[in-house]
Amino acid sequence: VSLVGYGLTYNTVDNNKNPTRGILVDLRQDFAGVGGDVNFIRTTGDARLYYELMHDVISVLHLQSGYVTGWGSRDLRMLDRFQMGPNLVRGFQVAGIGPRDLTPGTTQDSLGGTMYWGASYEVQVPIWGLPKDFGMRFAMFADAGSLWSYRGPTNFPTLGLSVTTVDPVTGKNTNDMFVRSSVGVGIIWESPFGPIRVDYAYPITKDPNDRIQEFRFSGGTKF
């Protein structure tokens with residue numbers, strides 16, 4: 001892969017480490033095919049709005065989307081498509097949502113998608129009774145989003161294999177745009193080693209073939 005890209009950022013947050021108000025928007029675009037043997041154009045956008053509902057009670061609205069497409073005569077590889085899970089809707093495994101190979105007798109692997117969107121709303125409050133300097137907060141959140149549009153080969157004649165995204169039992173196509181959603185709670189700790197977070201998310205809407213993961217431990221990010 002040989003690519004060039006650019007990023008645009010708009011930032012009005014009051015504090016980059018612990019924002020309480022302001023907007024942070026990132027737009028990124030990559031062009032692969034400047035040499036190499038992989039051709040694609042990938043565009044992603046991420047926006048966060050921070051607002052202080054009352055003293056030390058912060059609301060966070062997070063919107064994100066992405067699109068990737070090949071160009072020329074070359075198809076997208078598996079690695080070039082988006083794989084989504086808790087980074088889009090909490091309550092699901094990594095690569096737990098989106099188009100999936102449902103060919104009978106296979107391991108039903110995730111195929112990835114070329115388009116996604118996500119929206120999350122979260123309220124963060126300090127944990128009363130603990131010193132503020134301890135840096136621990138409680139969070140309540142609701143997530144929604146979708147990953148869809150697998151674009152790739154469905155037949156491999158030399159291997160005698162094929163790929164289908166249609167559930168043979170329900171007839172539902174995992175390649176369609178279907179909204180996943182969840183609600184949950186979390187604990188955020190601004191530890192000496194960086195932000196550490198533990199979430200519990202309960203999926204509300206899901207595809208029968210999605211992979212669920214209700215508890216999640218993450219570090220290095222507040223969201």
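The values are calculated or read from the model by the stated rules, or taken from the named source; none is laboratory data. Quick caveat, the model's predicted, so the values are computed rather than measured. Counting neighbours? That spans all protein chains shown, and the Cβs are built from the backbone with ideal geometry, glycine included. Note: accessible area is taken over every heavy atom of the protein model, side chains too, but ligands, DNA and RNA are not part of it. Shrake-Rupley method; radii C 1.70, N 1.55, O 1.52, S 1.80 Å.
Quick look at the values:
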| item | result |
| --- | --- |
| Residue satisfying all of: in the stretch 125-139; surrounded by 12 or more Cβ atoms within 10 Å (Cβ to Cβ) and not in a loop (DSSP other than H, G, I, E, B); modelled with the lowest pLDDT among these | PHE134 |
| Restricting the stretch 83-106 to residues that are free of Cβ contacts under 8 Å to residues at least 12 places away in the same chain and more than 15 Å from ASP210 (Cβ to Cβ), the residue that is surrounded by the fewest Cβ atoms within 10 Å (Cβ to Cβ) | GLY105 |
| Which numbered condition ALA144 misses (of (1) part of a loop (DSSP other than H, G, I, E, B); (2) of a type in the set (A, V, I, L, M); (3) modelled with pLDDT of 95 or more) | (1) |
| Conditions (1) out of contact with any helix residue (DSSP H, G or I) (no Cβ under 7 Å at 6 or more places or on another chain); (2) open to solvent by less than 80 Å² (accessible area, probe 1.4 Å); (3) over 16 Å from ASN175 (Cβ atoms); (4) at pLDDT below 95: number failed by ARG74 | (2) |
| The stretch 107-117, subset surrounded by 21 or more Cβ atoms within 10 Å (Cβ to Cβ) and assigned to a strand (DSSP E or B), residue farthest from the chain's Cα centre (by Cα) | SER110 |
| Members of the stretch 106-161 that are of a type outside the set (A, V, I, L, M) and touching a Pro at 6+ places or on another chain (Cβ under 6 Å) | GLY113, ARG137, TYR150 |
| When residues of the stretch 22-47 are limited to those that are open to solvent by 50 Å² or more (accessible area, probe 1.4 Å) and in contact (Cβ under 8 Å) with a residue 24 or more places away in the chain, the one nearest to ASN87 (Cα to Cα) | ARG42 |
| First in the stretch 56-75 and without any contact (Cβ under 8 Å) to a residue 60 or more places away in the chain and more than 30 Å from ILE127 (Cα to Cα), second anywhere and of a type in the set (D, E, K, R) and assigned to a loop (DSSP other than H, G, I, E, B), Cβ under 7 Å, 6 or more apart | VAL68/ARG81 |
| Residue count, the stretch 140-164 (criterion: open to solvent by 70 Å² or more (accessible area, probe 1.4 Å) and under 30 Å from TYR121 (Cα atoms)) | 1 |
| Conditions (1) over 23 Å from SER181 (Cα atoms); (2) open to solvent by 50 Å² or more (accessible area, probe 1.4 Å): number failed by ASP80 | (2) |
| Filtered residues of the stretch 39-68 (kept if over 15 Å from the mean Cα position of the chain (by Cα), under 21 Å from ALA144 (Cβ atoms) and of a type in the set (Phe, Trp, Tyr)) | TYR50, TYR51 |
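Table: residues versus (1) modelled with pLDDT of 95 or more; (2) under 16 Å from ALA95 (Cβ atoms).
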site: GLY186; (1), (2): yes, no
site: SER191; (1), (2): no, no
site: ILE196; (1), (2): no, no
site: TYR200; (1), (2): yes, no
site: PRO203; (1), (2): yes, yes
site: ASN209; (1), (2): yes, yes
site: GLN213; (1), (2): yes, yes
site: ARG216; (1), (2): yes, yes
site: THR221; (1), (2): no, no
